[in-house]
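As structure tokens, the structure follows; a few thoughts come after it.
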Amino acid sequence: MNHWLMKSEPDAFSIDDLRRRKQEPWDGVRNYQARNYMRAMRAGDKVFFYHSNCAEPGIAGIAEVAVEAYPDPSQFDPGSKYFDPASSRDAPRWSLVEVRFVRKLRRTIALKELQADPALAAMPLVRKGNRLSVMPVDAAEWAHVLSLE
DNA sequence: GCCAACGTTGGC
DNA sequence: GCCAACGTTGGC
């Protein structure tokens, strides 16, 4: 089983939103690397839910992959901000997974704290300029983050 | 709101 | 295939 991290802007969709909705299609990913990681996800994989672009960026909770990758319907919808005229139903360009709420962390583990921790220095998340919204987390990093909780 | 970093697009 | 222009991400 693999572990992952997915970013969301809490103003748009927070860990509390996921708790309320229980399960959610992770639509709107329009980056090939992030898409490829989603396609590699398997049902039951655990995911850190990261809050980005907000007052206190950090890891706020845990989700799990509920439904493996399938075509993101928003790419076909001209009314959606995620519409992609270059994609077609015959050859969909973008995928999504559905994630299910597992739990909130007892506290949000701040980006600042993650950046300062030598055990996490290899995480793409803490590297300057990284903009990936979906990324793998190795098992040791996963366990270490949870030990900080 | 600023801006550095980065991915994508498109002219050539 | 190069690379400048542009748009987006996301910390601060």
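Here are the numbers:
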quantity: Residue within region A:6-21 that is without any contact (Cβ under 8 Å) to a residue 40 or more places away in the chain, closer than 25 Å to residue A:138 by Cβ and hydrophobic (A, V, I, L, M, F, W, C) present; calculated: no
quantity: Residue count, region A:45-67 (criterion: out of contact with any helix residue (DSSP H, G or I) (no Cβ under 9 Å at 6 or more places or on another chain), of a type in the set (Gly, Ala, Ser) and away from DNA strand C (no atom under 13 Å from the Cβ)); calculated: 1
quantity: Some residue of region A:100-112 being farther than 25 Å from residue A:11 by Cβ and out of contact with any Gly (no Cβ under 7 Å at 6 or more places or on another chain); calculated: no
quantity: Identity of the residue in region A:70-112, among the acidic types (Asp, Glu) and surrounded by fewer than 17 Cβ atoms within 10 Å (Cβ to Cβ), that ends up nearest to DNA strand C (Cβ to nearest atom); calculated: A:84
quantity: Filtered residue count, region A:115-147, keeping only those that are away from DNA strand B (no atom under 16 Å from the Cβ), open to solvent by 40 Å² or more (accessible area, probe 1.4 Å) and hydrophobic (A, V, I, L, M, F, W, C); calculated: 6
quantity: Matching residues, region A:29-59, being within 14 Å of DNA strand B (Cβ to nearest atom) and at positive phi; calculated: A:53
quantity: Test: residue A:37 is surrounded by 17 or more Cβ atoms within 10 Å (Cβ to Cβ), among the aromatic types (Phe, Trp, Tyr) and at pLDDT 95 or above; calculated: yes
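Residue by residue, here is whether (1) at pLDDT 95 or above; (2) among the polar types (S, T, N, Q); (3) away from DNA strand B (no atom under 16 Å from the Cβ) holds:
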| site | (1), (2), (3) |
| --- | --- |
| A:68 | yes, no, yes |
| A:90 | no, no, yes |
| A:101 | yes, no, yes |
| A:108 | yes, yes, yes |
| A:113 | yes, no, yes |
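The values are calculated or read from the model by the stated rules, or taken from the named source; none is laboratory data. Treat the numbers as computed from the prediction; the structure is a model and nothing was measured. FYI the Cβ positions are ideal-geometry reconstructions off the backbone, even for glycines, and counts take in every protein chain you see. Please note that ligands, DNA and RNA were not included when accessible areas were found on the heavy atoms of the full protein model with its side chains. Shrake-Rupley method; radii C 1.70, N 1.55, O 1.52, S 1.80 Å.
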